[in-house]
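Student: Questions regarding the structure given below will be posed in turn.
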Amino acid sequence: MKILLNGALGRMGRCLADYVAAQPDCTVAAGVDRGGRPPGLPFPIYSDIKEVPQSADVLIDFSSPLCAQRAMLYCAAARLPCVICTTGLGASALHTMNFCAQEIPLFNSANMSLCVNLMQELCRMAAEVLGTGYAVDIVEKHHGAKLDAPSGTALALADAMNRGGDYSICTEAQSTVPRQEEEIVLHSLRGGNLAGEHEVQFSGQNEILRISHTAFNRDVFAVGALAAARYLIGQKPGLYNMKDLIKK
């Protein structure tokens, strides 16, 4: 399996490239990144995705919302399956995603970790059982270079718990004083080199329930991204996510 890696010189791009290099059945055919062309890489780097001459079986994207949007349009035109791992996608990028998924198989997840996606289901169940009588807080911690806050995973956790529309979702600065139990409040901490930590706390009158996940390094996201790429090849056009991969 030949991979086109978008955002190849970023933290996750480098991590994924190292992980792919250890796999006997796949390789990075080329990378795309505006950060230059450092020597010593085992694959070529292009500053513009339209410059890539190498053929590939799938694109994996760990870049920025704008670069991810360009990658999706490129893949749709080239009939190339793509895995979008970039978070913080706005309305325009999501519109592009739905459009491109009509032409190609496209995989997207706010978090590529299997355990985080299991955590979403556990939090959904907890919110359903406990109801709005428990105040809900999501605390997410990431390295200082992360561009989006709250994280895509925190927003996905909040959405999973709010499928019935009973809560309002807000940041700590937007929350009410005194606290309203119907709020899901998002707290973001940035600093150091932490790969990612998420904790959901349900606070009742006499008890507290906490559900948490910690990624000790970025390898878990690389493993998930490559699993998604393998899954996507051969699929029909459409929008796929971690639930589809887990079912398989």
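The values are calculated or read from the model by the stated rules, or taken from the named source; none is laboratory data. Keep in mind it's a predicted model, so treat the numbers as computed, not measured. All Cβ positions, glycine included, derive from the backbone under ideal geometry; neighbour counts span all protein chains shown.
Student: Can you tell me how many residues within the stretch 239-248 are exposed (fewer than 14 other Cβ atoms within 10 Å of the Cβ) and of a type outside the set (A, V, I, L, M, F, W, C)?
Tutor: Initially, the stretch 239-248 is screened for residues exposed (fewer than 14 other Cβ atoms within 10 Å of the Cβ), giving 243, 246-248.
Next cut, of a type outside the set (A, V, I, L, M, F, W, C) only: 243, 247-248.
The total comes to 3.
Student: Among the listed residues 234, 224, identify the single one that is at pLDDT 90 or above, loosely packed, with under 14 Cβ neighbours inside 10 Å and not aliphatic (A, V, I, L, M). Step through it out loud before you land on a result.
Tutor: Details: 224 fails: loosely packed, with under 14 Cβ neighbours inside 10 Å.
Of the residues listed, the single one that is at pLDDT 90 or above, loosely packed, with under 14 Cβ neighbours inside 10 Å and not aliphatic (A, V, I, L, M) is 234.
Student: Which residues, counting only those in the stretch 103-157, are within 17 Å of the chain's Cα centre (by Cα) and hydroxyl-bearing (Ser, Thr, Tyr)?
Tutor: Within the stretch 103-157, 109, 113, 151, 153 meet the criteria.
Student: On the given criteria, is residue 83 surrounded by 20 or more Cβ atoms within 10 Å (Cβ to Cβ), at pLDDT below 95 and under 17 Å from the mean Cα position of the chain (by Cα)?
Tutor: Numbers: surrounded by 20 or more Cβ atoms within 10 Å (Cβ to Cβ): yes; at pLDDT below 95: no; under 17 Å from the mean Cα position of the chain (by Cα): yes.
It is false that residue 83 is surrounded by 20 or more Cβ atoms within 10 Å (Cβ to Cβ), at pLDDT below 95 and under 17 Å from the mean Cα position of the chain (by Cα).
Student: Condition check: touching a residue at least 24 places away in the same chain (Cβ under 8 Å), out of contact with any Ser or Thr (no Cβ under 9 Å at 6 or more places or on another chain) and under 22 Å from residue 89 (Cβ atoms). Does residue 218 satisfy that? Explain how you work it out, then say what you get.
Tutor: Values: touching a residue at least 24 places away in the same chain (Cβ under 8 Å): yes; out of contact with any Ser or Thr (no Cβ under 9 Å at 6 or more places or on another chain): yes; under 22 Å from residue 89 (Cβ atoms): yes.
Taking the combined requirement at face value, the residue satisfies it.
Student: Further question: Which of the residues that make up the stretch 1-36 are crowded, with 16+ Cβ neighbours inside 10 Å, assigned to a helix (DSSP H, G or I) and either touching a strand residue (DSSP E or B) at 6+ places or on another chain (Cβ under 9 Å) or without any contact (Cβ under 8 Å) to a residue 12 or more places away in the chain (or both)?
Tutor: Once the filter is applied, which keeps residues that are crowded, with 16+ Cβ neighbours inside 10 Å, assigned to a helix (DSSP H, G or I) and either touching a strand residue (DSSP E or B) at 6+ places or on another chain (Cβ under 9 Å) or without any contact (Cβ under 8 Å) to a residue 12 or more places away in the chain (or both), the stretch 1-36 yields 13, 14, 16, 17, 20.
Student: If I go through the stretch 158-201 residue by residue, how many of them are more than 11 Å from residue 136 (Cα to Cα), at pLDDT 90 or above and charged (D, E, K, R)?
Tutor: Summing the residues that are more than 11 Å from residue 136 (Cα to Cα), at pLDDT 90 or above and charged (D, E, K, R) in the stretch 158-201 gives 4.
Student: Which residue is nearest to residue 144 (Cα to Cα), if the candidates are limited to the stretch 180-193 and must be surrounded by 17 or more Cβ atoms within 10 Å (Cβ to Cβ) and not hydroxyl-bearing (Ser, Thr, Tyr)?
Tutor: So the first thing to find is which residues in the stretch 180-193 are surrounded by 17 or more Cβ atoms within 10 Å (Cβ to Cβ), and the list is 183-188.
Those left that are additionally not hydroxyl-bearing (Ser, Thr, Tyr): 183-187.
On the way: 183: 27, 184: 24, 185: 21, 186: 17, 187: 15 Å.
Restricting to residues being surrounded by 17 or more Cβ atoms within 10 Å (Cβ to Cβ) and not hydroxyl-bearing (Ser, Thr, Tyr), the top hit is 187.
Student: Now, a different point. Which of the following residues is in contact with a helix residue (DSSP H, G or I) (Cβ under 8 Å, 6 or more places away or on another chain) and among the small types (Gly, Ala, Ser): 229, 160? Give the derivation first.
Tutor: Numbers: 229 fails: in contact with a helix residue (DSSP H, G or I) (Cβ under 8 Å, 6 or more places away or on another chain).
Going through 229, 160 in turn, just one is in contact with a helix residue (DSSP H, G or I) (Cβ under 8 Å, 6 or more places away or on another chain) and among the small types (Gly, Ala, Ser): 160.
Student: Right, here's the next one. Are any of the residues in the stretch 160-169 surrounded by fewer than 23 Cβ atoms within 10 Å (Cβ to Cβ) and within 30 Å of residue 70 (Cβ to Cβ)? Talk me through it step by step, then tell me what you get.
Tutor: Of the stretch 160-169, the ones surrounded by fewer than 23 Cβ atoms within 10 Å (Cβ to Cβ) are 160, 162-169.
Adding the requirement that they be within 30 Å of residue 70 (Cβ to Cβ) leaves 160, 169.
Yes; the residues of the stretch 160-169 include at least one that is surrounded by fewer than 23 Cβ atoms within 10 Å (Cβ to Cβ) and within 30 Å of residue 70 (Cβ to Cβ).
Student: Output yes when any residue across the stretch 35-49 is among the hydroxyl-bearing types (Ser, Thr, Tyr) and within 20 Å of residue 229 (Cα to Cα), and no when none is.
Tutor: Pass one, the stretch 35-49, residues among the hydroxyl-bearing types (Ser, Thr, Tyr): 46-47.
Among the residues that remain, those that are also within 20 Å of residue 229 (Cα to Cα) are: none.
Within the stretch 35-49, not a single residue is among the hydroxyl-bearing types (Ser, Thr, Tyr) and within 20 Å of residue 229 (Cα to Cα).
Student: Sticking with this structure for a sec: May I ask you to list the residues in the stretch 131-145 that are surrounded by 18 or more Cβ atoms within 10 Å (Cβ to Cβ) and part of a loop (DSSP other than H, G, I, E, B)?
Tutor: If we filter the stretch 131-145 for residues that are surrounded by 18 or more Cβ atoms within 10 Å (Cβ to Cβ), which is where we start, we get 134-142.
If the condition is that a residue be surrounded by 18 or more Cβ atoms within 10 Å (Cβ to Cβ) and part of a loop (DSSP other than H, G, I, E, B), then 134 is the only one that fits.
Student: From the list 154, 149, 135, pick out the single residue that is assigned by TED's automatic domain parsing to the domain that holds residue 204 and under 25 Å from residue 227 (Cα atoms). So that I can check it myself, show each step before the final result.
Tutor: Values: 149 fails: under 25 Å from residue 227 (Cα atoms); 135 fails: under 25 Å from residue 227 (Cα atoms).
Sole residue among the options that is assigned by TED's automatic domain parsing to the domain that holds residue 204 and under 25 Å from residue 227 (Cα atoms): 154.
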